[in-house]
Amino acid sequence: MVCELKAKERAGTINPIFTCQPAGAQYVSIGIKDCIGIVHGGQGCVMFVRLLFSQHFKESFELASSSVHEDGAVFGALNRVEEAVDVLLMRYPHVKVVPIISTCSTEVIGDDIDGVVRKLNEGLLQEKYPGREVHLIPIHTPSFVGSMITGYDVALKDFVSYFAEKGEPSEKINLITGWANPGDVTALKHLLEQMKVEATVLFEIENFDSPLMPAGNVVSHGDTTVEDLRGTANAKGTIALNRYEGGKAAQYLEKEFGVPAVIGPTPIGIRNTDTFLKNLSRLTGKPIPESLAWERGIALDALTDLTHMFFAEKRVAIYGNPDLVVGLAEFCLDLEMKPVLLLLGDDNSNYKHDPRIQALQKNVYYDLEIVTNADLWTLEDRIKNQGLELDLILGHSKGRFIAIDYDIPMVRVGFPVYDRAGMYRHPVVGYAGAIHLAESMANALFADMEHKKNKEWILNVW
């Protein structure tokens with residue numbers, strides 16, 4: 001029996017799990033109030049990412065493109081950035097923050113976005129927009145390395161390092177959520193409220209779930225302000241829920257401003273939520289209230305109703321964002337399930353040093369394969385050609401056809417989810433997230449039992 005961490009055998013990618021770095025930077029930018037990012041590249045670098053956001057959240061988001069064409073690829077396209085900044089500032093007088101997000105094409109041709117930012121600060125902003133608060137921030141996210149996870153981590157660190165400013169100490173903590181859903185942020189804010197802890201949430205994205213109002217549509221956008229970002233340097237501490245989605249920013253604040261950093265674990269399931277609350281209590285000195293012990297008990301009761309009878313020994317494949325995948329695997333183990341295949345969609349060399357993965361390698365008593373730089377063909381190949389037997393798949397909507405073709409129940413979790421309604425409203429973190437995940441998995445298994453007429457009579461006497 002072995003838990004093996006290895007890279008995908010093939011050089012090419014078939015049906016990727018992730019999209020590219022600029023997508024992660026764009027996700028960070030839409031979490032900041034009065035911010036519209038300019039993606040320096042072809043229009044598709046914005047169009048297809050906005051499509052993913054709109055598919056997942058069923059909302060529209062504001063992102064801009066420098067719209068580089070063939071002539072820019074030959075002669076350079078920094079003039080497109082200058083035009084884009086000018087047009088954006090004219091059309092959106094409320095905008096304060098404009099990240100310039102590079103792409104593979106503009107990185108390959110060598111466009112100097114740092115230089116053009118200096119030029120605009122000394123020229124256009126002084127001449128045409130004097131006295132207006134505008135922050136131009138170059139963010140390097142070449143698409144030919146890393147993934148949307150890397151892009152998120154890089155962009156968040158760039159924003160924090162640009163704005164963080166030492167001032168009077170604050171009683172707040174910084175809570176870096178990572179690539180979260182509005183439902184996750186709501187659940188996390190509930191835990192903070194119960195603990196009576198004030199926090200700067202990076203990023204405050206509850207408004208991604210926007211209302212329809214009599215006055216017209218509300219544009220979805222995050223509520224984290226410039227002042228919030230400046231104040232991160234004065235917090236009592238930083239909790240980054242995910243190692244690979246915000247870890248760089250937490251480490252920066254600790255190194256530059258002495259703000260203590262706690263990185264992970266992602267609070268998926270009971271034990272990881274317990275650890276999150278203990279970390280919160282240790283940082284702030286606030287006790288964990290009885291109300292949360294009560295919520296924990298409700299979650300434990302819900303899981304106990306399902307675990308031994310329905311989850312035990314069920315074989316699971318999981319793919320998606322690395323912190324999510326590892327957190328889900330730990331949760332499945334706690335539910336007596338067997339995660340047998342974990343697919344991490346990029347080639348981050350730090351995976352082998354991840355203490356959570358090392359713990360899996362040390363403690364798992366059955367064969368578990370963890371594949372880095374994986375794609376969704378890796379999952380299909382294991383099922384189709386290598387005889388992998390699965391009871392359940394956990395992942396985002398891009399893997400839905402594998403579940404359909406091989407008649408395996410699947411629970412949608414992660415990003416993007418576009419073939420199930422309202423999944424972004426439901427948390428996967430905290431005690432509420434543990435209940436939601438467990439009941440979603442159970443209901444998927446119940447539907448499969450009925451569909452295949454496999455011991456479905458049990459549901460009559462359960």
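Readers should treat all values here as calculations from the given coordinates under stated rules, not as data from a laboratory. This one's a predicted model, so the numbers in the text were calculated from it and none came from an experiment. Cβ sites come from the backbone with ideal geometry, for glycine too, and all protein chains shown count toward neighbours.
A dipole drawn for the chain from +1 and -1 charges on Cβ atoms has a positive end, and of L280, F75, L376 the residue lying farthest that way is L280.
Near R356: Cβ cut-off under 15 Å, other residues only, Lys/Arg at +1 and Asp/Glu at -1. The net charge is -1.
Taking the centroid of alpha carbons for each part, the range 296-341 and the range 34-113 are 40 Å apart.
For the range 143-286, what does the alpha-carbon gyration tensor say about shape, rounded, prolate or oblate, given a ≥ b ≥ c as the root eigenvalues, a/c under 1.5 as rounded, and a/b over b/c as prolate? Since a/c stays below 1.5, the shape of the range 143-286 is classed as rounded.
The calculated 222 nm mean residue ellipticity attributable to helices in the chain amounts to -13000 deg cm²/dmol, summing -39500 (n - 2.57) over DSSP H runs of n ≥ 4 and dividing by all residues.
For Q26, what is the net charge nearby, where nearby means another residue's Cβ is under 15 Å from its Cβ and Lys, Arg count +1, Asp, Glu -1?
Summing Lys and Arg as +1 and Asp and Glu as -1 gives -4.
Spacing of the modelled spin labels on E4 and Y129, each 7 Å from Cα toward Cβ, amounts to 5.4 nm. Rounded to the nearest 20, the size of the Cβ-charge dipole of the range 173-289 about its Cα centre is 540 debye, with Lys and Arg at +1 and Asp and Glu at -1.
Taking a ≥ b ≥ c as the square roots of the eigenvalues of the Cα gyration tensor, the range 71-175 is classed as oblate, since a/c reaches at least 1.5 and a/b does not exceed b/c. Summarising the amide proton neighbourhood of C3: residues at separation of 5 or more, or on other chains, whose placed amide H is nearer than 5 Å comprise L368. For L335, the shell of other residues with beta-carbons less than 13 Å away shows a net charge of -3, using +1 for Lys and Arg and -1 for Asp and Glu. The ranking of M309, M195 from fewest to most other beta carbons within 10 Å of each one's beta carbon is M309, M195. Each Lys and Arg adds +1 at its Cβ and each Asp and Glu adds -1 at its Cβ; summed about the Cα centre, the chain shows a dipole of about 460 debye. Distant-in-sequence amide contacts of I176, defined by a placed amide H-H separation under 5 Å and a gap of 5 or more residues or a different chain, comprise L202, I239, A240, L241.
Among the listed values (i) 45, 24, 19; (ii) 38, 27, 20; (iii) 43, 33, 24, the one matching semi-axes √(5λ) of the Cα gyration tensor in Å as calculated from this structure is (ii). Projecting the Cα atoms of N454, I36, G414 onto the charge dipole of the chain, computed from C-beta unit charges around the Cα centre, puts N454 farthest toward the positive end. The residues C332, C45, when put in order of fewest to most other Cβ atoms within 10 Å, stand as C332, C45. Screening the chain for DSSP H helices whose Cα atoms reach 24 Å or more along their own axis and whose mean Kyte hydropathy is at least -1.0 gives 430-452. How would you classify the range 297-450 from its alpha-carbon gyration tensor, with a ≥ b ≥ c the square roots of the eigenvalues: rounded for a/c under 1.5, else prolate if a/b is greater than b/c, otherwise oblate? Verdict is rounded for the range 297-450. The distance from the alpha carbon centre of the range 172-238 to that of the range 357-403 is 33 Å, rounded to a whole number.
Only Lys, Arg, Asp and Glu carry charge here, each on its Cβ (+1 for the first two, -1 for the last two); on that basis the range 21-152 has a dipole of about 420 debye about its Cα centre. The DSSP beta bridges internal to the chain are antiparallel in roughly 5% of cases.
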